[in-house]
Structure formats: structure tokens, C-alpha cells
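See below for the structure under consideration.
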Amino acid sequence: MTVLPHPVSPLPRTAPDCRPYVPGPTAWTPDLELPVWLVTMPTVAADGTRGTQWIAVRTHTADQAIADATVHAGSAQAVLRRRGARICIEQAHAALWHTAGA
């Protein structure tokens, strides 16, 4: 076990960031012919505070969109964005956001 020389305080609480995840220019570029799904993932913080994390993914089906979003939700960037809150995967749902060619 590592003991830090001083206590570590949690990140300050600020207004929640409600923007969906959009990959940056260095991210892997998926097939642009696939539809875009917006996956809504409810969250619960250690203090009981509830929130939502949205992740946009390109895939063929809603089930695959939830699976891909779950993988992304485990990334360090996603965990930091939701300040360590736990994802409620069983309550996640996907909605078709944009279809290819539309």
C-alpha cells in the first residue's frame, strides 16, 4: 500500500459537463457510412449523486452501440470526465442520432 505524504482532496464539484463524447482529430476514424448512436449511461457517484454520461458511437445496431460505449466508458478520459462516478450499464440505452447519407 502506498501512503501519500499529505491528504488528497477530491476534485472540486462544478457544473456537470453534458456534452456527448466526440472523438478528437487523433482518434481512430470509424466507417463514416455507419449510423451514429447516442448512448445515455446513468451514473452514480460515491456520495449518491446521480448524473448521466452520453457517448456517441458509430455502429450498425443499438446493442453494439451500448457495448462500444461501455468499452469507452472504462477509459481513463471517460472516468475522469465523470469524476469517478460508477456507470449503471444495465440502465444504459441507445438512440439513433444520425443515419449515414442523411
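The values are calculated or read from the model by the stated rules, or taken from the named source; none is laboratory data. Everything numeric here is computed off the predicted structure, so don't read it as measured data. Neighbour counts are summed over all protein chains in view; Cβ atoms, including those assigned to glycine, are modelled from backbone coordinates with ideal geometry. To get the accessible areas, we keep the full protein, side chains included, count just its heavy atoms, and leave off ligands, DNA and RNA. Shrake-Rupley method; radii C 1.70, N 1.55, O 1.52, S 1.80 Å.
Please go through the stretch 79-92 and pick out each residue that is open to solvent by 60 Å² or more (accessible area, probe 1.4 Å) and among the hydrophobic types (A, V, I, L, M, F, W, C). Residues satisfying the conditions are L80, I89. Here L34 fits the description: modelled with pLDDT under 90 and in contact with a Lys or Arg (Cβ under 8 Å, 6 or more places away or on another chain).
Here's the yes/no breakdown for (1) in contact with a Cys (Cβ under 9 Å, 6 or more places away or on another chain); (2) modelled with pLDDT of 90 or more; (3) open to solvent by 50 Å² or more (accessible area, probe 1.4 Å):
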residue: A45; (1), (2), (3): no, yes, no
residue: A56; (1), (2), (3): no, yes, no
residue: A62; (1), (2), (3): no, yes, no
residue: G74; (1), (2), (3): no, yes, yes
residue: A94; (1), (2), (3): no, yes, no
residue: A102; (1), (2), (3): no, no, yes
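Does the stretch 46-102 hold any residues that are over 15 Å from the mean Cα position of the chain (by Cα) and assigned to a strand (DSSP E or B), and which are they? Of everything in the stretch 46-102, those that are over 15 Å from the mean Cα position of the chain (by Cα) and assigned to a strand (DSSP E or B) turn out to be L96, W97, H98.
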